[in-house]
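Take a look at the structure below.
The values are calculated or read from the model by the stated rules, or taken from the named source; none is laboratory data. Just so it is clear, the structure is predicted and the values come from calculations on it, not from any experiment. For neighbour counting, all protein chains shown are included, and Cβ atoms are generated from backbone atoms with ideal geometry for every residue, glycine included. Ligands, DNA and RNA are excluded from the accessible area calculation, which covers all protein heavy atoms including side chains. Shrake-Rupley method; radii C 1.70, N 1.55, O 1.52, S 1.80 Å.
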Amino acid sequence: MPSYKLTYFNGRGRAEISRLIFAAAGQKYEDIRIEREQWPALKPKTPLGQMPVLEVDGVELPQSAAIARFLAKQFHLAGKDNLEQAEVDAVIDTISDINTAWPASSSDEALKKKFLTEDLAKHLQNLETLGKLYGKGGHFFVGNQLTWADLRFYTFGQTCIEAAPDCLNNFSWLEQNRAEVEKQPKIAEYLKNRPKTSF
């Protein structure tokens, strides 16, 4: 059985999707959480000078999406065939589109406000459309089972809600999807016990 070690800051951020995949799979792993002041010493020792990094039996894998996709395939959360995997990837890519468009680090407050009050809803509509298209009438994004697309939206949706608390009010399918994720026993246990962090 492989051994897994995930290294990231002490926050949800880019590693939370991988932590949720581990939780959903019931897979043990070493969750290394780095404080900001430790990062300068660790940075040159990572493959690309960034985190997260997943170590699998001594092999280091950088890039959060590559890590999550690998774990999803390892634990059968990537879709049951090539077409479902492509549908999962379409959801993941649509979430990435939102991340790219989101001016979170901009100092232009008007630009941020416009994104949260106008643009975000258009992107969320795209996600809701995909959920209804691929979800086969259920509440998971693809097929009738949990995939990493659901877990990715769960953690991304939390970021959206923290920035704009009413953002999902007009997207009942997305709200139900998040509720379904929370109902999964292993996920519920993880969410109850995970550290409370600022991001």
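From the list ALA121, ALA149, the lone residue that is of a type outside the set (S, T, N, Q) and either more than 23 Å from PHE70 (Cβ to Cβ) or not in a helix (DSSP H, G or I) (or both) is ALA121.
Tell me which residues, restricted to region 50-72, are in contact with a strand residue (DSSP E or B) (Cβ under 8 Å, 6 or more places away or on another chain) and touching a residue at least 40 places away in the same chain (Cβ under 8 Å). The answer is MET51, PRO52, VAL53, LEU54, GLU55, VAL56, ILE67, LEU71. Within region 82-109, can you find the residues that are open to solvent by 70 Å² or more (accessible area, probe 1.4 Å) and of a type outside the set (Val, Ile, Thr)? If the condition is that a residue be open to solvent by 70 Å² or more (accessible area, probe 1.4 Å) and of a type outside the set (Val, Ile, Thr), then ASN82, LEU83, ASP93, ASP97, ASN99, SER105, SER107, ASP108, GLU109 are the ones that fit.
Filtered by the rule that a residue be open to solvent by less than 20 Å² (accessible area, probe 1.4 Å) and in contact (Cβ under 8 Å) with a residue 60 or more places away in the chain, region 5-22 gives LEU6, GLY11, GLU16, ILE17, ARG19, LEU20, ILE21. Residues in region 124-137 that are outside any helix (DSSP H, G or I) and either in contact with a strand residue (DSSP E or B) (Cβ under 6 Å, 6 or more places away or on another chain) or surrounded by fewer than 16 Cβ atoms within 10 Å (Cβ to Cβ) (or both): 2 in all.
Listed here are the residues, each with its yes/no results for (1) closer than 18 Å to TYR154 by Cα; (2) of a type in the set (D, E, K, R); (3) part of a helix (DSSP H, G or I).
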position	(1), (2), (3)
PRO44	no, no, yes
LEU48	no, no, no
GLU55	no, yes, no
LEU77	yes, no, no
LYS80	no, yes, no
GLU87	yes, yes, yes
ALA90	yes, no, yes
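Note on region 42-77: among residues that are farther than 25 Å from ALA149 by Cα and among the small types (Gly, Ala, Ser), the one that is most open to solvent (accessible area, probe 1.4 Å) is GLY58.
Which ones in region 152-199 are outside any helix (DSSP H, G or I), touching a residue at least 24 places away in the same chain (Cβ under 8 Å) and among the charged types (D, E, K, R)? Within region 152-199, just ARG194 meets the criteria. Residues that are of a type in the set (S, T, N, Q) and at pLDDT 95 or above within region 159-185 comprise ASN169, ASN170, SER172, GLN176, ASN177, GLN184, listed in sequence order.
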